[in-house]
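The values are calculated or read from the model by the stated rules, or taken from the named source; none is laboratory data. Just so it is clear, the structure is predicted and the values come from calculations on it, not from any experiment. Ideal geometry is used to build each Cβ from the backbone, glycine not excepted, and the neighbour counts take in all protein chains shown.
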Amino acid sequence: MKKLIIIPAYNEGENIEKTIQNIQENAPEFDYVVINDCSTDNTLQILQQNKLNHISLPINLGIGGAVQTGYKYAFENGYDIAVQVDGDGQHDVSYLEKMCIEMQNQNADMVIGSRFITKEGFQSTFMRRVGITYFTRLIKLLTGITITDPTSGFRLINRKVIALFAKDYPRDYPEPESIVELLCKKYKVIEVPVQMKERAGGQSSIRMWNSVYYMIKVSFAIFVEMIRK
């Protein structure tokens, strides 16, 4: 099976080399592509100088547009499995083998790496945990299914979902919304326990000042998705 790691990167000059080295050492059976989302730091220079596989977007599309670019790349190049791995070094790719096994054993369409099943490793910031709890309860209310880590960017999908997301993917903070879309369309979404690390450098795109906007905007998008069901 052809397997691809998609790495959305915006101003990840401090982390991107180490992230790719980790992939090459601990997940060598996966190809990778970095989606440089019009970074304003030295991310592009690092990618070019080290001849790392990348696509450089001409304008900043945000996390949703960057990840969808990776899914389009995966679909057009015939990949059977794609996984999103953040460029900040938080995701441990040594879990990918277990995630692939669980996908096969449980005939799942998406496997989410959740830090909240065993509650080990970095548990995220307080404000982000508030949002995670909110979306867990909202998704449970709307679909009857509990997703413990609905904002996790560590998500592995099969060829069917690659095709779906290559055509249509949420633009702004896409993780909870895309989970609801899959559940509404009767795809099977499961979680496996993982440990995550604290960001090694740079800054998260979700900060305290925009977390309320995040919750309102994504909630509205989820309700729209339920209406479209």
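Annotations
- Condition check for ASN42: under 12 Å from ILE6 (Cβ atoms) and either more than 15 Å from the chain's Cα centre (by Cα) or surrounded by fewer than 21 Cβ atoms within 10 Å (Cβ to Cβ) (or both): no
- Qualifying residue in the stretch 14-25 (condition: assigned to a loop (DSSP other than H, G, I, E, B), more than 23 Å from PRO174 (Cα to Cα) and at pLDDT below 95): yes
- Test result for GLN104, part of a helix (DSSP H, G or I) and out of contact with any strand residue (DSSP E or B) (no Cβ under 9 Å at 6 or more places or on another chain): yes
- Considering the stretch 212-229, the residues that are more than 22 Å from GLY113 (Cβ to Cβ) and not hydrophobic (A, V, I, L, M, F, W, C) include one that is modelled with the lowest pLDDT, namely LYS229.
- Of the criteria (1) farther than 26 Å from GLN195 by Cβ; (2) assigned to a helix (DSSP H, G or I), which one PRO58 fails: (2)
- Criterion (of a type in the set (Gly, Ala, Ser), free of Cβ contacts under 8 Å to residues at least 40 places away in the same chain and touching a Leu at 6+ places or on another chain (Cβ under 7 Å)) met by exactly one of SER56, SER39: SER56
- ILE20 passes every criterion in (1) within 17 Å of ILE157 (Cα to Cα); (2) surrounded by 19 or more Cβ atoms within 10 Å (Cβ to Cβ) apart from (1).
- Hey, ILE7 closer than 21 Å to VAL192 by Cβ, within 18 Å of the chain's Cα centre (by Cα), assigned to a strand (DSSP E or B) and not small (Gly, Ala, Ser) or not: yes
- From the options GLN123, GLN106, residue that is modelled with pLDDT under 95 and over 16 Å from TYR32 (Cα atoms): GLN123
- Pairs, first under 18 Å from LYS197 (Cβ atoms) and loosely packed, with under 13 Cβ neighbours inside 10 Å in the stretch 122-139, second among the acidic types (Asp, Glu) and modelled with pLDDT under 80, C-beta under 6 Å, six or more apart: PHE122/GLU198
- Considering residues of the stretch 61-88 that are over 13 Å from the mean Cα position of the chain (by Cα) and part of a loop (DSSP other than H, G, I, E, B) only, the residue surrounded by the most Cβ atoms within 10 Å (Cβ to Cβ): TYR79
- Whichever residue in the stretch 26-39 is assigned to a strand (DSSP E or B) and aliphatic (A, V, I, L, M) and, among such residues, is surrounded by the fewest Cβ atoms within 10 Å (Cβ to Cβ): VAL33
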